[in-house]
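*Asks:* Pasting in a structure now, in structure tokens, and then I'll have a few things to ask.
The values are calculated or read from the model by the stated rules, or taken from the named source; none is laboratory data. Note that the structure is predicted; figures quoted are calculated from it, not measured. Here Cβ is always computed from backbone atoms with ideal geometry, including for glycine, and neighbour counts include all displayed protein chains.
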Amino acid sequence: MIFGKHINKYYLRYAWALLLGIAALFFIDYMELVIPSLYKMLINGMNDGYNVIDGAQVPFDAAFVLEKICFPLLWIVLGMVVGRFVWRMCFIGTALKVETGLRNSMFDRCKDLSQQYYQVNKVGNLMSFYTNDLETVQDCFGFGVLMVADASLLGVMAFVKMWRMNVLLTILSMIPMGIMLAIGVVVGRAMEAKWEKRQEMFSKLSDYAQESYSGIAVIKAFVNEYRELLTFRKHNKDNENVNVEFVKLSMKLEIYTELLIESVICIILGYGGYLAFKGVFNAGELIEYFSYFDSIVWPVIAVAELIKMTSQGRASMKRIGDLIDAKIDVADGVRVTESPDLKLNGEIEFRHLTFAYPGTDAEVLTDASFTVKPGENVGIVGRTGSGKSTVADLLLRTYNVPDGTLFLDGKDVNTIPIYAVRNNIAYVPQDNFLFSDTIENNIAFFESPSHDEEEHRMVEDNARLADVHDNIMGFVEGYSTLLGERGVTVSGGQKQRISIARALIRKAPILVMDDSLSAVDVETEHTILTNLKEHRGGLTTILIGHRISTMEYMDRIIFIDDGKVIAAGTHAELMKTCGEYAKMASLQQIEAEKERGERL
Ligand code: ATP
Ligand code: MG
């Protein structure tokens with residue numbers, strides 16, 4: 001049985017089912033302990049030809065066997081079958097509910113955890129919490145309650161019966177049991193540590209496998225399959241080694257348990273035989289005593305199994321608990337005063353914002369200041385690694401920003417609920433992630449898809465704006481085409497444009513496109529940008545990119561270099577006033593001309 005703040009509430013919530021299961025167990029255990037007295041009647045009847053019941057001698061004949069032994073045994077067996085069904089339903093059913101509840105709590109927390117958490121904790125590791133650890137906790141909960149209840153009920157009842165029959169023999173029999181418990185506690189501690197290590201190894205292994213599958217195209221392109229295989233084998237071997245260490249300990253526990261049970265059998269046979277020889281017990285009573293001990297064997301084995309299970313369950317529950325308790329580092333703070341339904345006009349101001357990613361010292365943005373007016377089309381341009389995506393990350397409140405550094409519609413972003421911030425921004429991420437779903441559902445992602453005419457029309461309209469409609473119609477199943485994991489069945493450019501359509505459909509006051517036209521040709525880029533200008537009148541658009549030619553479509557351009565806002569203005573202004581910008585523009589022009597020349 002395991003306890004802890006995340007599991008205790010389930011004992012209370014499902015107390016009725018657990019109590020019903022315990023009642024069924026009590027009934028079965030009680031019935032089981034009637035069986036030894038039937039054995040006694042059978043043996044004594046066969047030996048003596050009669051049985052002593054309430055001081056009177058009752059002859060051992062067919063009627064006695066049927067009435068006193070066979071029929072009661074039949075009822076006991078029937079009762080035990082029903083009882084076993086009930087406790088299984090109660091304990092295992094509850095354990096499954098606990099598993100579902102914990103899984104919900106885990107996912108609930110996962111959805112609130114910040115980007116930073118997922119950068120530190122890999123997907124494979126998280127997946128192992130949902131599979132291995134959760135299964136261990138589920139086992140430990142259901143069987144834990146069963147074993148504790150059964151071991152104590154059956155153990156105590158059998159012990160009382162044995163004690164009543166012979167005190168000294170019972171004390172002698174219990175000494176090895178005490179030793180076993182002491183060994184169990186020590187071995188159990190060691191097993192808990194080993195299980196934790198085993199789960200860590202398994203996480204590492206699943207992390208590695210997950211990353212290898214995701215990166216299989218790169219692995220193949222670099223003909224690196226063999227090296228991957230060797231590394232996988234090493235992780236797999238490490239996993240095997242910790243497993244072997246765990247199994248060794250668990251085998252030791254099993255051997256000790258068996259050894260001690262056998263030693264009790266020796267004591268009962270030796271000392272009990274001596275008592276029978278002395279006439280303290282008759283043959284039937286010795287068998288009855290032995291049968292009581294036999295009923296204790298299962299609880300003893302259950303205790304050993306429980307020690308093993310609890311050590312596993314505690315270690316797994318600790319890992320699950322760490323996830324459920326993981327700190328949500330990006331959340332609404334005490335300064336939030338605005339409503340979650342806030343509708344923004346689309347004004348943005350970065351005011352002397354300096355930012356370093358959590359856990360690092362390097363400033364990615366330094367004293368960044370710029371303003372975007374509502375309805376303005378602004379381009380953010382700069383060299384790779386200059387901090388452009390960081391600007392988008394901060395706008396979306398993916399990370400925390402200091403007070404007084406970022407304003408939306410003149411309101412400090414820290415006074416606006418994160419939900420409202422994100423609800424007012426449509427975002428096309430640099431890594432255009434698509435879900436393994438139909439194209440239609442990917443585009444209509446922000447609402448729960450209704451699959452009606454109106455929605456389909458909206459999806460199509462926005463796909464046209466993103467210049468991807470014709471491509472989609474080229475697929476046999478059109479908008480119902482299923483995309484493979486991470487959208488592998490569509491080209492990079494198609495993926496980018498589906499992501500653009502997904503953002504456009506939201507008609508949000510602010511649209512942020514992070515390097516979203518890098519995989520499309522100049523003509524397509526022209527179509528999309530012209531469409532945007534036409535259809536997003538009065539709404540703010542921020543276009544992040546490298547290509548200066550793209551930026552020429554924008555009302556104003558912000559030039560970032562090494563985390564600093566170097567200049568802001570129209571293309572013509574920047575060409576005149578910002579040497580760095582003009583240099584970048586002419587370099588790109590030379591490159592474009594060279595490329596054109598090579599093509600001709
Ligand atoms: P690109 O044009 O290549 O997309 P960028 O201008 O968008 O580049 P950013 O992604 O904003 O650049 O990154 C700016 C700097 O911040 C880089 O030096 C990068 O290594 C660092 N950086 C980005 N994300 C993180 C992160 N999550 N944690 C730590 N450092 C980061
Ligand atoms: Mg970027």
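*Asks:* Looking at (1) crowded, with 17+ Cβ neighbours inside 10 Å; (2) more than 14 Å from ligand 1 (Cβ to nearest atom); (3) at pLDDT below 95, which is the only condition Thr337 fails?
*Replies:* For Thr337, the failing item is (1).
*Asks:* Something else: Taking region 342-360 as the search range and keeping residues that are outside any strand (DSSP E or B) and more than 31 Å from the chain's Cα centre (by Cα), which one is surrounded by the most Cβ atoms within 10 Å (Cβ to Cβ)? Talk me through it step by step, then tell me what you get.
*Replies:* Within region 342-360, the subset outside any strand (DSSP E or B) is 342-347, 356-360.
Next, from what is left, pick out any that are more than 31 Å from the chain's Cα centre (by Cα): 342-347.
Working: Leu342: 17, Lys343: 12, Leu344: 21, Asn345: 16, Gly346: 24, Glu347: 19.
Looking at residues that are outside any strand (DSSP E or B) and more than 31 Å from the chain's Cα centre (by Cα), I get Gly346.
*Asks:* Being in a helix (DSSP H, G or I) and in contact with a Pro (Cβ under 8 Å, 6 or more places away or on another chain) narrows it down to one residue among Ala151, Ala190, Ala217; which is it?
*Replies:* Values: Ala190 fails: in contact with a Pro (Cβ under 8 Å, 6 or more places away or on another chain); Ala217 fails: in contact with a Pro (Cβ under 8 Å, 6 or more places away or on another chain).
One residue alone meets the criteria, Ala151.
*Asks:* Moving on to the next point. Which of (1) under 35 Å from the mean Cα position of the chain (by Cα); (2) farther than 15 Å from Arg464 by Cβ; (3) of a type in the set (D, E, K, R) does Arg502 not meet, given it meets every other one?
*Replies:* That leaves (2) as the condition not met.
*Asks:* Count, please, the residues in region 399-410 that happen to be more than 9 Å from ligand 1 (Cβ to nearest atom) and either surrounded by 16 or more Cβ atoms within 10 Å (Cβ to Cβ) or of a type in the set (Phe, Trp, Tyr) (or both). Step through it out loud before you land on a result.
*Replies:* To start, the set of residues in region 399-410 that are more than 9 Å from ligand 1 (Cβ to nearest atom) comprises 400-410.
Imposing the further condition that a residue be either surrounded by 16 or more Cβ atoms within 10 Å (Cβ to Cβ) or of a type in the set (Phe, Trp, Tyr) (or both) reduces the set to 400-401, 405-409.
Selection size over region 399-410: 7.
*Asks:* For Phe246, indicate whether it is touching a Phe, Trp or Tyr at 6+ places or on another chain (Cβ under 7 Å), in the same structural domain as Val303 (by TED's automatic domain parsing), part of a helix (DSSP H, G or I) and among the hydrophobic types (A, V, I, L, M, F, W, C).
*Replies:* yes
*Asks:* Is it the case, given these coordinates, that Leu353 is in contact (Cβ under 8 Å) with a residue 12 or more places away in the chain, within 16 Å of ligand 2 (Cβ to nearest atom) and more than 22 Å from Lys533 (Cα to Cα)?
*Replies:* Working: in contact (Cβ under 8 Å) with a residue 12 or more places away in the chain: yes; within 16 Å of ligand 2 (Cβ to nearest atom): no; more than 22 Å from Lys533 (Cα to Cα): yes.
Considered against the rule, which asks whether it is in contact (Cβ under 8 Å) with a residue 12 or more places away in the chain, within 16 Å of ligand 2 (Cβ to nearest atom) and more than 22 Å from Lys533 (Cα to Cα), Leu353 comes out as no.
*Asks:* Looking at this structure, is Asn432 within 24 Å of His469 (Cα to Cα), within 16 Å of ligand 1 (Cβ to nearest atom), crowded, with 22+ Cβ neighbours inside 10 Å and at pLDDT below 95?
*Replies:* Details: within 24 Å of His469 (Cα to Cα): yes; within 16 Å of ligand 1 (Cβ to nearest atom): yes; crowded, with 22+ Cβ neighbours inside 10 Å: yes; at pLDDT below 95: yes.
Criteria met by Asn432.
*Asks:* Right, here's the next one. I'd like to check something: does region 445-458 contain any residue that is in contact with a Phe, Trp or Tyr (Cβ under 9 Å, 6 or more places away or on another chain), more than 16 Å from ligand 2 (Cβ to nearest atom) and in a loop (DSSP other than H, G, I, E, B)? Step through it out loud before you land on a result.
*Replies:* As a first pass, look at region 445-458 and keep what is in contact with a Phe, Trp or Tyr (Cβ under 9 Å, 6 or more places away or on another chain): 445, 456.
Imposing the further condition that a residue be more than 16 Å from ligand 2 (Cβ to nearest atom) reduces the set to 445, 456.
The next check asks that each one be in a loop (DSSP other than H, G, I, E, B); those that pass are 445.
Yes, region 445-458 contains at least one residue that is in contact with a Phe, Trp or Tyr (Cβ under 9 Å, 6 or more places away or on another chain), more than 16 Å from ligand 2 (Cβ to nearest atom) and in a loop (DSSP other than H, G, I, E, B).
*Asks:* Let me ask something else about it. If a residue counts only when it is within 16 Å of ligand 1 (Cβ to nearest atom), which helices (runs of 4 or more DSSP H) contained entirely in region 492-593 have at least 2 such residues? Let's see the steps before the verdict.
*Replies:* Details: elements: 492-504, 522-535, 548-551, 571-577.
So the answer is 492-504, 548-551.
*Asks:* Give me the pairs, please: first residue somewhere in region 378-390 and in contact (Cβ under 8 Å) with a residue 12 or more places away in the chain and within 15 Å of Tyr427 (Cα to Cα), second residue anywhere and near ligand 1 (Cβ under 6 Å from one of its atoms) and not aromatic (Phe, Trp, Tyr), beta-carbon distance under 6 Å, and either six or more positions apart or on two chains.
*Replies:* These pairs meet every condition: Ile380/Lys388; Lys388/Gly382; Ser389/Gln430; Thr390/Val364.
*Asks:* List the residue pairs whose Cβ atoms are under 7 Å apart, where the first residue sits in region 110-138 and is touching a residue at least 40 places away in the same chain (Cβ under 8 Å), the second is hydrophobic (A, V, I, L, M, F, W, C) and within 16 Å of ligand 1 (Cβ to nearest atom), and the two are 6 or more positions apart or on different chains.
*Replies:* Ser114/Val330
*Asks:* Which members of region 245-257 meet the condition of being over 15 Å from Gln199 (Cβ atoms) and out of contact with any helix residue (DSSP H, G or I) (no Cβ under 6 Å at 6 or more places or on another chain)?
*Replies:* Answer for region 245-257, where residues must be over 15 Å from Gln199 (Cβ atoms) and out of contact with any helix residue (DSSP H, G or I) (no Cβ under 6 Å at 6 or more places or on another chain): Lys248, Met251, Lys252, Glu254, Ile255.
*Asks:* Something else now. Please find, within region 529-549, the residue that is nearest to Val381 (Cα to Cα) out of those that are of a type in the set (S, T, N, Q) and crowded, with 22+ Cβ neighbours inside 10 Å. Steps first, please.
*Replies:* First pass over region 529-549, keeping only residues of a type in the set (S, T, N, Q): 530-531, 540-541, 549.
Checking which are crowded, with 22+ Cβ neighbours inside 10 Å leaves us with 540-541.
Working: Thr540: 17, Thr541: 14 Å.
Once the filter is applied, the top-ranked residue is Thr541.
*Asks:* I'm trying to understand the selection: among the residues of region 368-386, which are under 14 Å from Ile510 (Cβ atoms) and within 15 Å of ligand 1 (Cβ to nearest atom)? First the steps, then the outcome.
*Replies:* To start, the set of residues in region 368-386 that are under 14 Å from Ile510 (Cβ atoms) comprises 371-378, 380.
Listed by number, the list holds a single entry, Ile380.
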